[in-house]
Every structure is written in C-alpha cells, then in structure tokens.
Amino acid sequence: MLVALVTAQRLQTLQLLDLQAMHRSEQGVIFVVTDHLKQSRPGTGPLRVVLANFVSDDKVNPVLVLEHYLAKTLPLRGQCTKLFISFVKPHKAVSRDTLARWLRLVLTASGVDAQVYTAHSTRTAAVSAAFQRKVPVEEILKVAGWSSERTFAEFYKKPIVSLSASFGQRVLHN
C-alpha cells in the first residue's frame, strides 16, 4: 500500500517492479521499468519509479519499509526477482489482480469502504493529496506518467477531506 501511495503508479507498473532493476542511493531507491506500459509512448525512455527516503518517520519511510520487506521475503524468493511475491508456495511473482486484492484488504482493514474505493483509488488519492500539498503539477504529471494536465484535472484531481491528525496517526500506527 505504501509503495502504491508514494509512487502513484498503476498496478501494472507495480507488478513489473524488479529487483534486478533496483538502484539504491542516499536519496532512496529507484526502479527502472523497461517493459511496455499502458502509458508508454514512442521515443520515451524507461520509466523510473522512485521511493524517496523520508527521514521524519521510520514507520512510513518507504525505503526502510522496502528493506524490511526484502529481508523478510529473501528466504522465500528463490530465483524470483520481481518485487512483489506470493506468501503462499511456490512464492512466485504476483499478478496485478493479486496486488489489487492486497490493496483492497489494506483499505478494508483501514476502515475504508472497499465497495466504493478500489485499488486504483490509491493513485487518485496520492496525486490529489500531492496537489493539495502544493506539489507542482509538472512533477505530478511526471511521476504519474501523464503528458497532459487535462487527464489529471478531469479524472484524478479530487478534493481531499481534511481529517484530524489523530485519525492519520491511528491509521499509520496500527
């Protein structure tokens, strides 16, 4: 769920993240996706999916959570290099449908109505929250893989209801 929120990527892209195309740096982790994607256009290079290092809170730091996940799944991986693997034998790469199911489970466990909000809603929530927090539209378009602001404005720019800090802390700390 955290990777979906901080990258604003489609499930197709998340499913294609590969450890062989993962590069670590002081600023975070970068996955280079060379596979053909829905948003792939002729003449564009590979997609770079960035997980930035948040130093303010280790519990929601995407890089630290990724490192913990990799350590826990290392004994299960075998030859599989895809980031997301099944926790059920034979521990192979998971499908987009499995990722969607996992996201729905997290939404439900967080008290979100999964009948109303889908796994794809994480993309909308991420870019809408970024916009509300004054992230430049150009950066949102780049991260989300859009060439037109019209796509963002028409389909993804949604109002974010302001919630109390205690609610957010409870969601992230339980």
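The values are calculated or read from the model by the stated rules, or taken from the named source; none is laboratory data. Quick caveat: nothing in here was measured; it's all calculated off a predicted structure. Here Cβ is always computed from backbone atoms with ideal geometry, including for glycine, and neighbour counts include all displayed protein chains. Accessible surface is based on the protein model in full, side chains and every heavy atom, while ligands, DNA and RNA are left aside. Shrake-Rupley method; radii C 1.70, N 1.55, O 1.52, S 1.80 Å.
Relative to 2.2 N^0.38 Å, what does the C-alpha radius of gyration of region 1-128 come to as a ratio? Two decimals please. Numbers along the way, then the final one.
Details: Rg = 14.7 Å, N = 128, 2.2 N^0.38 = 13.9 Å.
Output field value: 1.06.
How far apart, in nm, are two points set 7 Å out from the Cα along the Cα-to-Cβ line at Gln12 and at Glu67?
3.4
Using r as the Cβ-Cβ distance of Ala153 and Arg24, and R0 as 35 Å, what FRET efficiency do you calculate, to the nearest 0.05? Write out the running numbers ahead of the final one.
Numbers: r = 35 Å, r/R0 = 1.00.
Here the calculated transfer efficiency is 0.50.
Compute, for Ser25, the solvent-accessible surface of its heavy atoms (probe 1.4 Å) with the complete set of protein chains present, and express it in square angstrom to the nearest 10.
60
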